[in-house]
1. Counting just the residues of the range 78-102 that are open to solvent by 80 Å² or more (accessible area, probe 1.4 Å) and either modelled with pLDDT of 90 or more or of a type in the set (S, T, N, Q) (or both), which one comes out nearest to the chain's Cα centre (by Cα)?
2. For the range 291-347, which fully contained strands (runs of 3 or more DSSP E) count at least 2 residues that are touching a helix residue (DSSP H, G or I) at 6+ places or on another chain (Cβ under 7 Å)?
3. Name the pairs: first residue in the range 109-135 and closer than 16 Å to R94 by Cβ, second residue outside any strand (DSSP E or B) and among the β-branched types (V, I, T), Cβ to Cβ under 6 Å, at least 6 apart or on different chains?
4. When you go through (1) outside any loop (DSSP other than H, G, I, E, B); (2) at pLDDT below 90; (3) out of contact with any Asp or Glu (no Cβ under 9 Å at 6 or more places or on another chain) one by one for V385, which number turns out not to apply?
5. Restricted to the range 431-457, and to residues that are farther than 25 Å from C390 by Cα and without any contact (Cβ under 8 Å) to a residue 60 or more places away in the chain, which residue is least open to solvent (accessible area, probe 1.4 Å)?
6. Here's a check for you: in the range 348-372, which residue that is of a type outside the set (A, V, I, L, M, F, W, C) and either within 19 Å of L304 (Cβ to Cβ) or assigned to a strand (DSSP E or B) (or both) is least open to solvent (accessible area, probe 1.4 Å)?
7. Give the residues of the range 193-246 that are free of Cβ contacts under 8 Å to residues at least 40 places away in the same chain, open to solvent by 70 Å² or more (accessible area, probe 1.4 Å) and touching a Lys or Arg at 6+ places or on another chain (Cβ under 8 Å), sorted by residue number.
8. Kindly indicate whether Q50 is touching a Pro at 6+ places or on another chain (Cβ under 9 Å), modelled with pLDDT of 70 or more and part of a helix (DSSP H, G or I).
Amino acid sequence: MRIPVRHKLITTYLIISVLTAIFTYLLTYLTSEQRINALAKDYQLKEISQEVYNWYAAERQWKGFSDYFKTLHPPRQHRKPDTSTSTHNGPIKRHGVVTSEQKSLLHFLHFKPGDTVPKAYLANANEVRFDEKTVAWVIPVDAIGISLNSEMQIFLTNIREILLIAVSVSVLISLLMGIVLARILLKPVESLTKASSAIADGNLQQQVPAYTDDEIGDLSRSFNKMSQDLVNADTQRRQITADIAHDLGTPVQVISGYIEMAQDGELELNQERIDTIADELEHIQRLLKDMSLLAQTDAKTLSLQLTKTSIKPLLERVVKLYSCQDKQVKLSLDCPDFLPALVLDEDRIVQVLGNLISNALRHTPEGGEITIQSQTRDNQLTIQVVDNGCGISPEDLPLVFDRFYRSDPARNGSSGNMGLGLSISKGLVEMQGGKIGVKSDGKSGSCFLITFPIEVL
């Protein structure tokens, strides 16, 4: 049987409160009589000690004390007659009063007035002092306890009734508080459950309010971020599908158009048209190759040939390789004579830098300049590709490493530029333990920055 969490919480609160109430009631019920007995015994001992002190302070002798004591403590009517003058041999259970000469002043136990009381009976006696000297001892009742009189029994009964009422009220309040707290605590959980069910049904755009600033609030905020990431991923997936369809569809349409026209005898496949078909096939092959490479970098399954690589010769090689591609844009190198060697896949780093330079060449006007800079700082080696082209707008900066990203929405000049180069570059750099980023003010060029930690080889 499925039990809701709310019912479990309410039941838990109720069980805890009931068990606490029962334990409190039993503890009080079982110990109250003993506690009252102890308090009564202590009170009587102090009361009698004060009476002994008052008598001696006034009379300075003990003659007549027995009658004085009977006057203060007369026998109760419902009890048996006072046994203070009884001659039976049984012990009399009452307080004893003994002088400093150890003479009994009252009947108690087996002692009569005037009997000498051994010192052993004074071990737990309460000492009565006058003028800084001991004048008497008050010996506690030598019994298992004091029998409570009817007034104390009534008081104890009232205490138990009040305790029972308090326990009942506390259980009721605990039940009501459990219901209220369960509702408050489970409100965000119910919202999360409802939103999760909606996501499971395909409605990804779900946000839940963060009611509290605690773990449940953190869970709500994490859920909201996850939901937004799912929406972004779904949007990106749809865009990637459309971009792949476009990048594959255009060359396929060109090729199929030539083939169909040639099959119908409307067009002759001369060398120029065959070269066009070959270019489109190359475009398709390049796209498939890049997508395969991107998939390998995502899955971290790409095989890297890591070797100790000297950075400056590598950068000089890249500059020499790409300087001849565009004579209208100056490509230069700016780095110190000595740069530490790193363990890298040299060909993959050349591929990364080639992607960055090709991207810079497309956005740098005639007469512009592209500079490759490198330096070491804070135990890190940085490589920067800086251009003075048109730059990247602030809204596009977070997207430049996304797949199929193109800064031109109209896709002008998309031939040969499928928007995967920067994504591949990011994956290749991260697989080798580095980081890649971009900076631009959107007006005066951009700067792509690659950072690798310097390790002792």
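The values are calculated or read from the model by the stated rules, or taken from the named source; none is laboratory data. Everything numeric in this text was worked out from a predicted model, so none of it was measured. Methodologically, a virtual Cβ is constructed for each residue, glycine included, from the backbone with ideal geometry; neighbour enumeration extends over all protein chains shown. For the accessible areas, the whole protein counts, side chains as well, though only heavy atoms, and no ligand, DNA or RNA atoms are used. Shrake-Rupley method; radii C 1.70, N 1.55, O 1.52, S 1.80 Å.
1. Quick first cut of the range 78-102, residues open to solvent by 80 Å² or more (accessible area, probe 1.4 Å) only: 78-81, 85, 87-89, 93, 101.
From what is left, the residues that are either modelled with pLDDT of 90 or more or of a type in the set (S, T, N, Q) (or both) are 85, 87, 89, 101.
Numbers: T85: 79, T87: 81, N89: 77, E101: 75 Å.
Looking at the filtered set, the residue picked out is E101.
2. Values: elements: 307-309, 330-334, 342-344.
Answer list for the range 291-347: 307-309, 330-334.
3. F111/V117
4. The single condition V385 does not satisfy is (2).
5. At the first step, the residues of the range 431-457 found to be farther than 25 Å from C390 by Cα are 431-434, 452-457.
So of that shortlist, the ones also without any contact (Cβ under 8 Å) to a residue 60 or more places away in the chain come out as 433-434, 456.
On the way: G433: 48, G434: 6, V456: 148 Å².
The residue in question is G434.
6. We begin by selecting, within the range 348-372, every residue of a type outside the set (A, V, I, L, M, F, W, C); these are 348, 351, 354-355, 358-359, 362-369, 371.
If we keep only those that are either within 19 Å of L304 (Cβ to Cβ) or assigned to a strand (DSSP E or B) (or both) too, we end up with 348, 351, 354-355, 369, 371.
Numbers: R348: 59, Q351: 55, G354: 1, N355: 44, E369: 72, T371: 22 Å².
This residue is G354.
7. Y211
8. Working: touching a Pro at 6+ places or on another chain (Cβ under 9 Å): no; modelled with pLDDT of 70 or more: yes; part of a helix (DSSP H, G or I): yes.
No, not satisfied.
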